[in-house]
Amino acid sequence: MRRGWLPLLLAPLLMGQSAPRPTVKPVLVPDVSQRDIEIQYSFTGANLLLFGAILYPQGRLPNDDKPTDIVVVVKGPTQSILVREKDKLGGLIWVNASRLRYRSAPSFYAIASSKPIEQMLDARTRAIYELGVSSLQLSPASNAPLTEQDRFARGLVELKARSGLYVEAPGAVEITDGVLYRARVQIPARVPVGRFTAETFLIRDGRVLAAATRDIEIRKSGFERFVARSADRHAILYGLVAVALSVLFGWAAGQIARRF
């Protein structure tokens, strides 16, 4: 009887030794050069530095030949956008022909990566994490045909790109010794205000192994902030004052023109 107990007592120990240990994934420690960006009358844009480190389990870098890549995404608050498509009427006058509204298009989107994103991830993974302007989930508000949705989506991305609000920068992320990384993202002067997010993704072997987020606040200050808050909180009074000032300046310009 005692001999029969011994295998039973040793079985849990043997099972514990043979069981595979859980895989410990690396951790990202990101940061940004500016957490708060203030927009004044002389604001011409900002050069945002995103940097950080990759912490591997037990401080050991992977000993395989699989490359380590970093993707950084700076995204502004989402907004509802109406996109209009124009057409020539009679070959002379441009008129609004059709339109499509998007419920949740990012007001600003910039992606920087250590190499082209298409070389790191497949289309499905890029769509899940919204990596790349072609993978953004814009959420159209109508049941338009897919061909029409694609046409308007390309038009929206092109308009945003012209304004510097949608940016793709492959190869802009520098990785040092496989541990430290840094990238720069240009914030244009026409950037909208609100809470932004700076997301960092660690990618190896076609998979996202780690992700981390830092918040960035962009707000107006000084006289610009006073005007914006007045327009938001006292819309009717703001409109009346704006009309009165326009009439006053128009009358003053007329009087000056008559004298000269």
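Quick rundown of the values:
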read-out: Accessible solvent surface per residue of segment 32-90, calculated while the other protein chains remain in place, 1.4 angstrom probe, Å²; value: 60 Å²
read-out: Most to least accessible of Thr44, Thr125, Thr176 (protein chains only, probe 1.4 Å); value: Thr44, Thr176, Thr125
read-out: Accessible surface of Phe152 - all protein chains present, 1.4 Å probe, nearest 10 Å²; value: 10 Å²
read-out: Accessible surface of Lys66 - all protein chains present, 1.4 Å probe, nearest 10 Å²; value: 90 Å²
read-out: Cα→Cβ-extended label distance, 7 Å offset, between Gln119 and Thr78, nm; value: 3.2 nm
read-out: Largest to smallest accessible area among Ser113, Ser104 [probe 1.4 Å]; value: Ser104, Ser113
read-out: Over 27 Å between alpha carbons, listed pairs Lys86/Lys115; Lys160/Lys220; Lys25/Lys160; Lys75/Lys220; value: Lys86/Lys115; Lys25/Lys160
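The values are calculated or read from the model by the stated rules, or taken from the named source; none is laboratory data. Source: prediction; values computed, not measured. Positions of Cβ are backbone-derived with ideal geometry, glycine not excepted, and every protein chain shown enters the neighbour counts. For accessibility, only protein heavy atoms count, side chains too; no ligands or nucleic acids. Shrake-Rupley method; radii C 1.70, N 1.55, O 1.52, S 1.80 Å.
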